[in-house]
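The values are calculated or read from the model by the stated rules, or taken from the named source; none is laboratory data. Fair warning: this is a prediction, and the values are worked out from it, not measured in the lab. Don't worry about glycine lacking a Cβ; one is built from the backbone with ideal geometry, like all the others, and counts go over all protein chains shown.
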């Protein structure tokens, strides 16, 4: 073993190819994986130093937590002031990772201070370590899903080419597992964190679904990973309904998918236009939900496996996902990009009792009304104007007896309209 550990990487690979016994030793002791657990700058390993990753909080737009997940030692960060990743992406903070039981004991005390700092810089409402890591994990999934342009009627942002996390790569999946492992290490040593997760989910299921009670649905999905509460159809459907409701303003407004015609709530029992366009408008959001469900099935298939057991299994793998899981997940992320309708989405989410098409059409209209009622959005256009737009795009849309389409609004009128609250006085609309 000592001889193999001292070999250069290329020599180790060549030796294992030439001698099956060596290949078995390399596989049994995960020597390739252990070789990767070293500081990219000093080349010191986790056995000899404290290792973590460089982390930064984006200053552009939403303050997301970002990392290239290149392992770097505390000494290189603190004493040598290394502040750029392998791909020359800058970072300001150092977050240690639990790469082994012994390594975790050495870095455990360094975790809380950096998470508190990240919470402040990212503008999070809570300084709970689970909340900060949930935000971090959520931002990773969002960036994973920036591979393809967001389907919209206007030009969307394009991800830069530098970042290795902007592709559905195995490295990105592994980074997600490392953060999950860190959450498990914290949760198994502090039962209050699990109790807080249970309370969040119980409250959500009891109607506390507002943005005040649950500011970010993506964070709630991470809480599910450590909660004792069974994941039922009702839990999934409640989360999906709230996601659709929160997506309404981004669906209708020009700052989002720019589909204001959907603010006309047609009388049709089934509206294929609404079913198709509602999903199209928020595919990134639904991809996040599908990925979270997929990850949960792999990382924690049932609540019967204790968090301690899950934590220890990750320790045995030095924080890595199960064999083949990273490749499987990264492949699945690409496949999920092809999901283009709610019914395939329900399958991916594991919904057993799928809704009927008439009921779900009405449900989507209810979500728009509920978005207005909750203050997530406002009626940016009059019903007559919305109908005129809708008729241009769907001439066969159903009409109410007392409502007829007028002239379509001018371009400048649409540019002035907004569905975001507190931007202008909303149009008065009766609930349909």
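Quick look at the values:
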item	result
Residue in the range 324-339 that is at pLDDT 90 or above, over 15 Å from residue 170 (Cβ atoms) and crowded, with 19+ Cβ neighbours inside 10 Å present	yes
Unique match (being part of a helix (DSSP H, G or I), buried (at least 17 other Cβ atoms within 10 Å of the Cβ) and out of contact with any helix residue (DSSP H, G or I) (no Cβ under 7 Å at 6 or more places or on another chain)) among 388, 373	388
Residues being more than 14 Å from residue 173 (Cβ to Cβ) and not in a helix (DSSP H, G or I) - total across the range 292-318	8
Selected residue (only one of 89, 72 is farther than 21 Å from residue 48 by Cα and either free of Cβ contacts under 8 Å to residues at least 12 places away in the same chain or out of contact with any helix residue (DSSP H, G or I) (no Cβ under 8 Å at 6 or more places or on another chain) (or both))	89
Residue check, residue 381 buried (at least 18 other Cβ atoms within 10 Å of the Cβ), in contact (Cβ under 8 Å) with a residue 24 or more places away in the chain, outside any loop (DSSP other than H, G, I, E, B) and at negative phi	no
Residue within the range 55-65 that is surrounded by fewer than 18 Cβ atoms within 10 Å (Cβ to Cβ) and assigned to a strand (DSSP E or B) present	no
Residue check, residue 141 modelled with pLDDT under 95, surrounded by fewer than 17 Cβ atoms within 10 Å (Cβ to Cβ) and closer than 29 Å to residue 313 by Cβ	no
Matching entry among 152, 119, 126, 106 (being surrounded by fewer than 22 Cβ atoms within 10 Å (Cβ to Cβ), at pLDDT 95 or above and touching a helix residue (DSSP H, G or I) at 6+ places or on another chain (Cβ under 8 Å))	119
The one condition in (1) without any contact (Cβ under 8 Å) to a residue 40 or more places away in the chain; (2) surrounded by fewer than 21 Cβ atoms within 10 Å (Cβ to Cβ) that residue 250 fails to fulfil	(2)
Meets criteria (touching a helix residue (DSSP H, G or I) at 6+ places or on another chain (Cβ under 6 Å) and assigned to a helix (DSSP H, G or I)) for residue 274	yes
Subset tally (residues that are under 19 Å from residue 226 (Cβ atoms) and outside any helix (DSSP H, G or I)) for the range 96-147	6
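Here's the yes/no breakdown for (1) more than 21 Å from the chain's Cα centre (by Cα); (2) at positive phi; (3) outside any loop (DSSP other than H, G, I, E, B):
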| position | (1), (2), (3) |
| --- | --- |
| 196 | no, no, yes |
| 207 | yes, yes, no |
| 222 | no, no, yes |
| 236 | no, no, yes |
| 239 | no, no, yes |
| 245 | no, no, yes |
| 257 | no, no, no |
| 267 | yes, no, no |
